[in-house]
Amino acid sequence: MKGSPIKVKINDIVIDWQKLCEAQLDAHVAVSGDEGAGKSQFIYDTVVNKLKGDPWNNIVYTENLKEFEYKYELLEAGMPMGFDESLNILGRLDWSKLQTKNLVTKFRADVRKEKTAIWLYGIQIFRDLHSFWRTHRIRHWIEIAPRQWFREGTMAFYLERQRVPFLTGRRDTWLLDEEEKRWMVKMRNGPIIGEEYMMMLRTHPFYKGEFRLQRLEEKDEKKYAECRAEAMDVYKSDPVEEKINKNTYVYRANSKLTTAINALLSQGHTHEDVGKILDLSTTDISTHLSRYLPYAEVYGKSQKKKLKDSHSTVL
């Protein structure tokens, strides 16, 4: 009967994900819920205890793509990769970013067959994941309900969708627009909490079942905290580079190339000469000078200041 609770076991769900890997397919899983709902604990428990992953190598703790790049290279076929905070990595993807293009390239079919994996993405609101990822990657969704509504432990709801062969463009394959309208109509009578909240999820067409979250053991909580703290320290961003990347999407490669162009022009070379030396068109040269030169200068100054500070420290 539609709306009736279906009890499932997370261990059985994990086995289904593993079977996908055996068939050379990825399992992409979104894990959503409020801050403090238990997303990180669930991802850690699933990756480390249920899928036998390494707490350091198989979980990305920061929003720094460098951490993901490093751990991706270590990833073995059939193993899990959990994202503790995936919004900045897989949120509003900017397709002008080189990093975004490199990220998507890693998930092409021909590349993925070498490293089929179980991917878990922690995020507060499911819709915040970029539409490309929701539409073409995510087939499994776990929504963790607010823990204050349950005395016997937090409930998690499992939704799963199948392939849509008639998909065109950016369609709403998860029926988010329809469910939002239904939700908003219900909210006119007051907040949706407790049993009513659970009923709304149970009547979703993709509802597969629900289970209670298992609390991490003390040793696991301690290990998670240690790994996260270490990652935050190792992968902290350079403030100048972060500002350039975040606000203007300009990277060091562009800055260095622009600096080289500017140096050659300062020596009396023409645009044509520079183009021959660096194998660039005159249009590329003009683009770099107009778009990237200010940031190349900012980056250069920051490096000089670092060098000066280091010498001052030594002296």
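Please treat every number below as a calculation from the coordinates, not as lab data. Bear in mind that the values here come from a model prediction, so they are computed numbers and not experimental data. Cβ coordinates were reconstructed from backbone atoms using ideal geometry, including for glycine residues, and neighbour counts include every protein chain displayed.
Between K66 and R147, with labels modelled 7 Å along Cα→Cβ, what's the label distance in nm to one decimal, could you check?
Placing both labels 7 Å along Cα→Cβ, they lie 3.3 nm apart.
Could the peptides 26-32, 52-58 be put in order, highest first, of the mean number of other beta-carbon atoms found within 10 Å of their residues? Let's see the in-between values first.
Details: 26-32: 23.1, 52-58: 17.1.
Highest-to-lowest ranking by the protection proxy: 26-32, 52-58.
Placing one identical point scatterer on every Cα of the range 10-234 and ignoring solvent, what is log10 I(q)/I(0) from the Debye formula at q = 0.13 Å⁻¹?
Here the Debye-derived log intensity ratios amount to -0.78.
Quick one: which of K19/K181; K115/K276; K66/K181; K50/K115; K39/K71 span more than 31 angstrom between C-alpha atoms?
Over 31 Å apart, Cα to Cα: K19/K181; K115/K276; K66/K181.
Under a plain spin-label model, where a point goes 7 Å from the Cα along Cα-to-Cβ, how far apart in nm are E73 and E196?
5.3
Report, ordered by chain and residue number, the aspartates and glutamates lying within cross-link reach of K7, taken as a straight Cα distance under 13 Å and ignoring same-chain residues fewer than 8 apart.
Straight-distance partners of K7: E210.
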